[in-house]
């Protein structure tokens with residue numbers, strides 16, 4: 001604290017630096033071990049060096065040095081040498097911290113997206129100020145409180161739209177060539193951590209719960225969803241908990257979610273770190289809702305942290321079958337520490353270990369290669385552990401699913417349609433010309449709708465490059481350098497002609513993939529996020545595989 005005060009307020013620099021150094025000197029008091037004494041000296045020495053570097057810059061640098069910006073840069077550089085999860089947040093970023101940890105912020109409740117120099121509404125959240133004010137996906141944000149958004153990033157516009165709950169913000173919007181203003185009253189926005197739950201399967205006799213984040217009350221909402229499903233169908237055959245794309249959040253919420261299906265007093269996760277007082281074992285503390293119903297947990301490469309505690313502990317306890325792809329591998333625990341001047345710091349304080357004793361951390365940030373990149377835990381250091389039922393599991397690379405389902409990768413066409421916002425624009429146009437559609441669970445992209453989309457693409461003049469085209473172009477350049485270009489020119493031209501003819505049929509050949517993307521984008525216009533989730537579940541291969549396992 002003293003050091004930062006000294007940096008920001010030069011007149012107090014000398015006095016505060018002395019106080020800071022005296023505090024550090026406690027480490028070097030008589031009776032402290034030599035190693036700690038040396039460490040205390042190193043800390044004091046380097047703090048003094050840092051303070052003098054800034055002092056000399058402030059006195060001698062040709063231009064004025066912004067103290068807040070300079071120190072923030074220094075702090076960020078220092079923390080980046082540790083791991084990606086240890087971060088410093090000045091007072092101006094407290095809304096971002098609230099969003100990350102609590103799933104709430106003061107704002108209007110809408111996703112936005114950048115296209116070129118403009119920013120657009122991509123999805124207003126149901127029942128929140130943006131939705132209530134009539135904002136629609138596809139509306140261009142022209143200005144925020146009179147300030148033009150041209151050339152601004154989504155981060156810039158988002159920051160301008162956020163603010164204290166109860167305050168107002170005026171947006172100038174453009175829709176179909178017509179500009180208009182809307183004044184919205186900001187609210188404390190609580191993002192739903194359970195955007196959808198319902199029944200799935202051919203006979204709709206399996207429950208399904210989608211969990212997006214482990215924010216405050218996540219366990220409460222999952223429990224409520226499960227109780228609601230059981231009440232509606234007491235003979236429900238099984239439950240699927242979908243954690244795909246869930247980057248984690250609060251560890252206590254993960255423990256309480258596991259508690260829904262395992263007995264009270266069960267060890268779920270243990271944390272171990274440098275500070276012994278921060279080490280703890282977390283046990284389930286409530287009566288479970290159901291310890292017998294068959295469970296499946298869906299994960300993928302973006303399932304991390306708290307998602308891995310839930311999926312990994314249920315796997316270790318042999319309480320659920322885990323289906324999908326290997327998880328991210330984040331076994332690090334962070335604490336939020338208060339800092340001077342209403343700032344905060346998120347610090348990695350320990351690693352977590354699930355019931356079998358394994359840690360799923362996949363990257364060793366304490367060891368780096370010559371380029372400074374952190375290294376993955378090598379296979380030779382991975383250790384075998386046993387689940388409660390005696391099955392072998394391994395540490396060091398996330399949660400390996402019990403049933404692996406190969407991920408489906410986007411085609412070149414699908415990536416082009418997404419990057420060029422063509423599906424987004426068509427869905428916007430469709431919504432403006434169709435008052436209603438079938439219920440989310442029944443809506444499908446018909447032949448006539450897909451034909452209309454193909455005409456839309458023709459009007460827009462869709463162009464895109466494939467990996468094959470880029471490879472041919474690279475081959476042509478290499479051949480030219482090696483003077484083989486004239487010898488193989490005819491063959492290269494023939495390959496390009498064949499590829500051109502094949503690409504003309506891409507929209508038909510990839511109809512199933514594109515239709516699902518179209519369906520999802522159209523559904524969210526009418527039924528928001530929960531409608532999109534409900535609509536795409538029917539064709540979800542990972543869910544289908546999980547239901548097969550539960551039905552055995």
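The values are calculated or read from the model by the stated rules, or taken from the named source; none is laboratory data. Just so it is clear, the model here is predicted, and its values are computed rather than measured. Every residue, glycine among them, receives a Cβ derived from its backbone with ideal geometry; neighbour counts consider all protein chains shown.
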Within region 140-152, does at least one residue satisfy the condition of being assigned by TED's automatic domain parsing to the domain that holds residue 110, within 30 Å of residue 222 (Cβ to Cβ) and outside any helix (DSSP H, G or I)?
no
Of all residues in region 144-163, which are surrounded by fewer than 18 Cβ atoms within 10 Å (Cβ to Cβ) and within 26 Å of residue 426 (Cα to Cα)?
150, 151, 153, 154, 155
Which residue is farthest from residue 318 (Cα to Cα), if the candidates are limited to region 373-388 and must be assigned to a loop (DSSP other than H, G, I, E, B) and free of Cβ contacts under 8 Å to residues at least 40 places away in the same chain?
373
If a residue must be in contact with a strand residue (DSSP E or B) (Cβ under 8 Å, 6 or more places away or on another chain) and over 30 Å from residue 131 (Cβ atoms), how many such residues does region 487-539 contain?
0
For residue 391, indicate whether it is surrounded by fewer than 18 Cβ atoms within 10 Å (Cβ to Cβ), assigned by TED's automatic domain parsing to the domain that holds residue 330 and at pLDDT 95 or above.
yes
Does region 298-310 contain at least one residue that is in contact (Cβ under 8 Å) with a residue 60 or more places away in the chain, outside the structural domain of residue 540 (by TED's automatic domain parsing) and over 24 Å from the mean Cα position of the chain (by Cα)?
no
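Okay, residues lined up against (1) surrounded by 18 or more Cβ atoms within 10 Å (Cβ to Cβ); (2) touching a helix residue (DSSP H, G or I) at 6+ places or on another chain (Cβ under 8 Å); (3) under 17 Å from residue 241 (Cβ atoms); (4) modelled with pLDDT of 95 or more:
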position: 264; (1), (2), (3), (4): no, no, no, yes
position: 276; (1), (2), (3), (4): no, no, no, no
position: 322; (1), (2), (3), (4): yes, yes, yes, yes
position: 334; (1), (2), (3), (4): yes, no, no, no
Residues of region 231-247 being farther than 17 Å from residue 315 by Cα and either surrounded by fewer than 24 Cβ atoms within 10 Å (Cβ to Cβ) or outside the structural domain of residue 310 (by TED's automatic domain parsing) (or both), in sequence order, are 231, 232, 233, 234, 235, 236, 237, 245, 247
Region 237-259, subset touching a helix residue (DSSP H, G or I) at 6+ places or on another chain (Cβ under 6 Å) and assigned to a loop (DSSP other than H, G, I, E, B), residue nearest to residue 212 (Cα to Cα):
246
Listing of helices (runs of 4 or more DSSP H) fully contained in region 33-115 that carry 2 or more residues being modelled with pLDDT of 90 or more
34-60, 67-80
Please pick out the residue among 166, 109 that is surrounded by fewer than 16 Cβ atoms within 10 Å (Cβ to Cβ) and not assigned by TED's automatic domain parsing to the domain that holds residue 253.
166
For region 413-438 the number of residues that are out of contact with any helix residue (DSSP H, G or I) (no Cβ under 7 Å at 6 or more places or on another chain) and under 30 Å from residue 362 (Cβ atoms) is 3
I'm trying to understand the selection: among the residues of region 325-359, which are under 18 Å from residue 384 (Cβ atoms) and without any contact (Cβ under 8 Å) to a residue 40 or more places away in the chain?
331, 357, 359
Taking residue 329, is it surrounded by 15 or more Cβ atoms within 10 Å (Cβ to Cβ) and assigned to a loop (DSSP other than H, G, I, E, B)?
yes
For region 182-210 the number of residues that are out of contact with any helix residue (DSSP H, G or I) (no Cβ under 8 Å at 6 or more places or on another chain) and on the phi > 0 side of the Ramachandran plot is 1
